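Novice: Before I ask anything, let me first share the structure, which is written out below as structure tokens.
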Amino acid sequence: MWRRGKLSNRILASVVAILIATTAVGFLLDTYSRRSDLLYQYQLRALAVAQSFAAIPAIREALYRHDAADRRLIQSLAQEVRRQTGASYIVVIDRHGIRFSHPDPSLIGKRVSEPVVALDGRSHLSVDHGNLGVSANARAPLRAPDGRPIGEVSAGILEGAISKQYAHEVPQLLLYFAAALGIGVIASLLLTRSLKRSTFGLELHEIAALVQEREAMLHNIREGVITLDREERITLINDEARRLLPGHEIAVGRRIHECFDTGRLRDLLLGAITGQDQVVLTDDQVLVVNRMPVSRDGRPLGAVITLRDRTELEALLRELDSVDALTDALRAQQHEFSNRMHTLAGLIELGDHSAAASYALDVSRATGGLAESIRAQIEPPEIAAMVLAKTTVAAERGVELTLTEDSRLPSAGVDVTAVLTIVGNLIDNAIDAAAAAPPPAWVALRLLAEREIRIEVSDSGSGVLPALSQLIFNDGFTTKPAVPDRHRGIGLALVHRLVRRGGGTIEFSHADVTLFTVLLPLADHAGALQT
């Protein structure tokens, strides 16, 4: 029942119980302390009485002479002083422990049970459990006229007097502690109301369930999530975000600029670059980054960053573009083939068989010569097939793609996957640029492999403005018009990453024509990024 109670009631009950317990303990400790202080104060009062009585010359002389009249004098003076000072008793004892005064006359002349401690010449404070009861006791030395200790004066105030004094102070203590308890209870009520508002009225089991659900969701979804506070410190990062951002020292409590090097990724995470679904390339993935500021009542609280892996999707989109282009090229070839077949059929129908044979041979040489020429210059079949397909795609768009006569690319030492990605992206960009420029539209490809692999792609396009030449390799930068549901600015950034990872260089120039030059070492580069 206790565990299922409301959080506010449980907190209130717990705090009130703690307040009552601490108040009770405090009251007991204060009671003990005050009682000890009162006992000590009464001991000092008893000491003052004993020292004053011991300083009376008549008492000192009477104890020194030890006759019967002197005993009566000592008893008479002790009783008088006791009544005047409020002491419970004043007992004069000689050095042998014989009483010379006492509130009970029958004890006069009898020996005390405890030793005469004041014979050492000093005063002593104690709690005495004597014949009259427990008392705050003080003993002062009683000296002969020559200054020699000859006895002591024992004065005391019974515990009943101390208890009576303390009883007058107890109501004040009770009032103080009751007020403190009341203030504590009121503060507890206010605290529980504040906690209830802060937790939106949720109970403990509901809060625990929410935390468990959040942890399960954040660490199992296939989308990276990073939350930041108002000072750009990381407050949460899930497992997918760590997977998508390997090699970075990301940890809760660190600032974003401490975890990432200068670049587009850090600018996106810090909000320096704004916009939805911003694309950025890492060494291994194509990521889509979104940063959403978080605020409450107009006060900024931080930001939530989401990361999505689009590597496979971008690869599929590029393959789909290639398939679409090849489909268009095949459709164009089908039309051209139909036209040729119609021409050939017409020549045969006209009976000009020699002209028909000559036309068929010319067509055969034209279609087969290009493939044989490309295959003779480029040994890797994948690259040769890609160049041949791009030639057909370019022709469909009215662009002439040519492979320079001095091009030679052997199979040995060539990372086919990297070269395919680099050449394919450069040719695609060149075809787009040439197709958008005034005719004649052309693209030239040069492939060489001697001490290193040299890739040159030039086109007749309008090129890139000199002011933008430093930005063309940045993630997301593009001069092409936006296309719905497509991300631009990936191709050249991807080429730049591949070249850099392969230990090569890439250069861009725009003098008479637009020219991209890539240099790669002749070596195997396992694990190249594929898209």
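The values are calculated or read from the model by the stated rules, or taken from the named source; none is laboratory data. Here the structure is a predicted model, which means the values were calculated and not measured. Neighbour counts run over all protein chains shown; Cβ positions are idealised from the backbone, glycine included.
Okay, residues lined up against (1) assigned to a loop (DSSP other than H, G, I, E, B); (2) of a type outside the set (Gly, Ala, Ser):
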position	(1), (2)
394	no, no
411	yes, no
414	yes, yes
421	no, yes
429	no, yes
433	no, no
438	yes, yes
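Novice: Got a sec? Which of 99, 60, 95, 72 is in contact with a strand residue (DSSP E or B) (Cβ under 7 Å, 6 or more places away or on another chain), assigned by TED's automatic domain parsing to the domain that holds residue 126 and at pLDDT below 85? Give the steps one after another, and end with the answer.
Specialist: Numbers: 99 fails: at pLDDT below 85; 95 fails: at pLDDT below 85; 72 fails: in contact with a strand residue (DSSP E or B) (Cβ under 7 Å, 6 or more places away or on another chain).
It is 60.
Novice: Step by step: first the residues of region 460-505, then only those that are in contact with a Phe, Trp or Tyr (Cβ under 7 Å, 6 or more places away or on another chain) and under 29 Å from residue 373 (Cβ atoms), then the one that is modelled with the lowest pLDDT. Which residue is that? Write out each step before concluding.
Specialist: Filtering region 460-505 for residues in contact with a Phe, Trp or Tyr (Cβ under 7 Å, 6 or more places away or on another chain) gives 460, 469, 471-472, 489, 492-493, 496.
Among the residues that remain, those that are also under 29 Å from residue 373 (Cβ atoms) are: 460, 492.
Working: 460: 88, 492: 77.
So, considering only residues that are in contact with a Phe, Trp or Tyr (Cβ under 7 Å, 6 or more places away or on another chain) and under 29 Å from residue 373 (Cβ atoms), the one modelled with the lowest pLDDT is 492.
Novice: Take the residues in region 400-423 that are buried (at least 17 other Cβ atoms within 10 Å of the Cβ) and either without any contact (Cβ under 8 Å) to a residue 60 or more places away in the chain or charged (D, E, K, R) (or both), then tell me which one is farthest from residue 520 (Cα to Cα).
Specialist: Pass one, region 400-423, residues buried (at least 17 other Cβ atoms within 10 Å of the Cβ): 401, 403, 407, 409, 414-415, 418-423.
Checking which are either without any contact (Cβ under 8 Å) to a residue 60 or more places away in the chain or charged (D, E, K, R) (or both) leaves us with 401, 403, 407, 409, 415, 420, 423.
Numbers: 401: 23, 403: 19, 407: 15, 409: 13, 415: 10, 420: 13, 423: 12 Å.
By that ranking, first place goes to 401.
Novice: Which count do you get for residues in region 102-121 that are in contact with a strand residue (DSSP E or B) (Cβ under 7 Å, 6 or more places away or on another chain), surrounded by fewer than 12 Cβ atoms within 10 Å (Cβ to Cβ) and within 15 Å of residue 54 (Cβ to Cβ)?
Specialist: Residues in region 102-121 being in contact with a strand residue (DSSP E or B) (Cβ under 7 Å, 6 or more places away or on another chain), surrounded by fewer than 12 Cβ atoms within 10 Å (Cβ to Cβ) and within 15 Å of residue 54 (Cβ to Cβ): 1 in total.
Novice: Would you check if residue 275 is small (Gly, Ala, Ser), assigned by TED's automatic domain parsing to the domain that holds residue 231, surrounded by 13 or more Cβ atoms within 10 Å (Cβ to Cβ) and free of Cβ contacts under 8 Å to residues at least 60 places away in the same chain?
Specialist: Working: small (Gly, Ala, Ser): yes; assigned by TED's automatic domain parsing to the domain that holds residue 231: yes; surrounded by 13 or more Cβ atoms within 10 Å (Cβ to Cβ): no; free of Cβ contacts under 8 Å to residues at least 60 places away in the same chain: yes.
No.
Novice: Under 9 Å between Cβ atoms, which residue pairs at least 6 apart in sequence (or on different chains) link something in region 296-309 that is in the same structural domain as residue 278 (by TED's automatic domain parsing) with a partner that is part of a strand (DSSP E or B) and loosely packed, with under 10 Cβ neighbours inside 10 Å?
Specialist: Partner pairs satisfying both residue conditions: none exist.
Novice: Quick check on region 237-249: of everything there that is modelled with pLDDT of 80 or more and assigned to a loop (DSSP other than H, G, I, E, B), which residue is surrounded by the most Cβ atoms within 10 Å (Cβ to Cβ)? I'd like the intermediate steps shown before the answer.
Specialist: Going residue by residue through region 237-249, those that are modelled with pLDDT of 80 or more are 237-245.
Cutting the leftovers down to assigned to a loop (DSSP other than H, G, I, E, B) gives us 238, 245.
Numbers: 238: 19, 245: 21.
Ranking the qualifying residues of region 237-249, first place goes to 245.
Novice: Looking for something in contact with a helix residue (DSSP H, G or I) (Cβ under 6 Å, 6 or more places away or on another chain), among the small types (Gly, Ala, Ser) and at pLDDT below 75 - is there at least one such residue anywhere in region 302-325?
Specialist: yes
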